[in-house]
1. Using the C-alpha gyration tensor of region 75-152, what are the square roots of 5 times its eigenvalues, in whole angstrom, with the largest one first?
2. Taking every pair of Cα atoms in region 47-95, average 1/r, invert it to obtain the Kirkwood radius, and report Rg/Rh to two decimals.
3. Once Lys and Arg get +1 and Asp and Glu get -1 on their Cβ, which of Leu175, Leu163, Val197 lies farthest toward the positive end of the dipole of region 129-200?
4. For region 37-45, in order, what is each residue's ³J(HN,Hα) by Karplus, 6.51 cos²θ - 1.76 cosθ + 1.60 with θ = phi - 60°, in whole Hz (x at glycine and Pro)?
5. Can you tell me the order of 91-99, 68-76 when each peptide is scored by its average per-residue count of other Cβ atoms within 10 angstrom, highest first?
6. Take peptides 55-65, 38-48 and line them up by average Cβ neighbours within 10 Å, highest first, as a rough protection proxy.
7. Straight-line reach from Lys147: which lysines have a Cα under 20 Å away, not including same-chain ones fewer than 8 places off?
8. If you average over every viewing direction, what projected area does the convex hull of the Cα atoms of region 26-120 give, in nm²?
Amino acid sequence: MNFDFHQLALELERAHSRRIALRPVALSDAWPLYHASRNPLFNQHLLWSQPEAERDVLDRMSVIVEAARKGRLAGISAVVKETGDWISLFRFLPHATRPGAVEMGIWTHDRFWHGRYSLELGRLCVSAAFALSNVDMLIGAASPENKPSCQLMRLCGLHPLDLVLRDHEAGHKVLLEEFGITRAEWQARHRSAFDTVPQRAWPAPASAPAAAAAPMAPPQEMAAAAVSAAAATSALATLSAANAQGLTLGTGEMAQ
């Protein structure tokens, strides 16, 4: 699809809400994600199984970071403003079957499953994506059995679309329900759910002042300078003659 995910990520870096700030996804996010996956409920409704070791999550995060750098998706980590604690990984990527639509995915640390952090983050990212880019439609998908995720998407303004089958990494099919919201639907119900850090206006570099003309030296100094120049010319001639004979003066070494 013809969508600038890299630009979207740059714009989202400046978006924030009451408790949440956004930053680019990083490989170091693999460690909090791995610890979140120690909760068996974390992977219950995902399309990948609980990782056995940190290395598994590092490999997964490496793929995400590399895809984000190449502009194939926008990966954003949500953190607590006050402490910088990692809350969630939020991803925007091309939808597999709907041209022009962008699919959203969210993995939230179990420490933030309560307190309405996911709702605050969902509204922040949906509102910022429409306001700061030209995306036409956002889609999310969740298992119909995952009632909290389905309710989260409804609260973020998305409505049910279709039931679809997706491939689980373990090889079996998983039934998911897709939810969507178009730009027109968002505009009709728009309530700003985020703020942005203002762009800093960098001052233009000041032009260097013209160098002041050096005062003319007195006649006595000009005469001394002329004598020094003549002496230097004579020394240079001596050095050139010595080099012609295979010697380098002043180093004590024989030229080879």
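Here, each number is a calculation from the coordinates, and none is a lab measurement. Just so it is clear, the structure is predicted and the values come from calculations on it, not from any experiment. Virtual Cβ from ideal backbone geometry, glycine too; neighbours counted across all protein chains shown.
1. 22, 16, 10
2. On the way: Rg = 12.5 Å, Rh = 12.3 Å.
Radius of gyration over Kirkwood radius for region 47-95 works out to 1.02.
3. It is Val197.
4. 6, 5, 6, x, 6, 4, 8, 4, 10
5. Per-residue Cβ counts within 10 Å, averaged per peptide and sorted highest first, yield 68-76, 91-99.
6. Final packing ranking: 55-65, 38-48.
7. Lys173
8. On the way: hull surface 27.2 nm².
Taking the Cα atoms of region 26-120, their convex hull projects to 6.8 nm² on average.
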